[in-house]
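Taking it in order: structure first as structure tokens, then the write-up.
The values are calculated or read from the model by the stated rules, or taken from the named source; none is laboratory data. Values in this document were obtained by computation on a predicted structure and should not be read as measured data. Cβ placement follows ideal geometry from the backbone for every residue including glycine, while neighbour counts extend to all protein chains displayed. With ligands, DNA and RNA removed, areas are computed over all heavy atoms of the protein, side chains included. Shrake-Rupley method; radii C 1.70, N 1.55, O 1.52, S 1.80 Å.
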Amino acid sequence: SETEKPAPYDDRLGRLSELIGAIHYLRNLCNAQGEPEWRQSLSALLDRETSAEPKRRARLTAAYNRGYRSFASVYTTCTAAAVRAEENYRNEGATLAAEITARYGN
């Protein structure tokens, strides 16, 4: 079996996974319709990135779950602070995604 090698952007991708987990929790908390597309887009990204690398996929999935749970324990209702947190994480995530794409995209 081949040894899995982390991509040079795995730290950023891990942080992005964590951010998306947090955003997914907060968006669903503050939006009556919910927004499953956050989770779906991460799932599609992980499929592309880690299709033959189960350990790498598990690490990135764990990061997503960590982000999701970190807010599930703090916010049980939508508050102004929850809305601000979601905006901050969305901005950080957009910046990270742009950096990853600009530096490592092909």
Which one is modelled with the highest pLDDT, of the residues in the range 1-20 that are exposed (fewer than 13 other Cβ atoms within 10 Å of the Cβ) and of a type in the set (Ser, Thr, Tyr)? Thr3
Looking at the range 21-38 only, could you name the residues that are open to solvent by 20 Å² or more (accessible area, probe 1.4 Å) and within 14 Å of Tyr89 (Cβ to Cβ)? Tyr25, Arg27, Asn28, Leu29, Cys30, Glu35, Trp38
Can you report the number of residues in the range 45-61 which are surrounded by 14 or more Cβ atoms within 10 Å (Cβ to Cβ) and of a type outside the set (Asp, Glu)? 8
May I ask you to verify whether Arg103 is free of Cβ contacts under 8 Å to residues at least 24 places away in the same chain and within 17 Å of Pro8 (Cα to Cα)? no
Just to be sure I understand the filter: pairs with C-beta atoms under 8 Å, separated by 6 or more residues or on different chains, first member in the range 66-90 and touching a residue at least 12 places away in the same chain (Cβ under 8 Å), second member basic (Lys, Arg). Which pairs pass? Glu86/Arg27
Can you name every one of the helices (runs of 4 or more DSSP H) wholly within the range 37-106 that holds 1 or more residues which are polar (S, T, N, Q), at pLDDT below 90 and farther than 15 Å from Ala22 by Cα? 37-50, 80-104
Every residue in the range 78-103 that is among the hydroxyl-bearing types (Ser, Thr, Tyr), open to solvent by less than 80 Å² (accessible area, probe 1.4 Å) and out of contact with any helix residue (DSSP H, G or I) (no Cβ under 6 Å at 6 or more places or on another chain), please. Thr79, Thr95
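Residue-wise test of (1) touching a Leu at 6+ places or on another chain (Cβ under 9 Å); (2) over 25 Å from Gly105 (Cβ atoms).
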| site | (1), (2) |
| --- | --- |
| Lys5 | no, no |
| Asp10 | yes, no |
| Asn28 | no, yes |
| Asn31 | no, yes |
| Pro36 | no, yes |
| Ala52 | no, no |
| Ala63 | yes, no |
| Arg66 | no, yes |
| Phe71 | yes, yes |
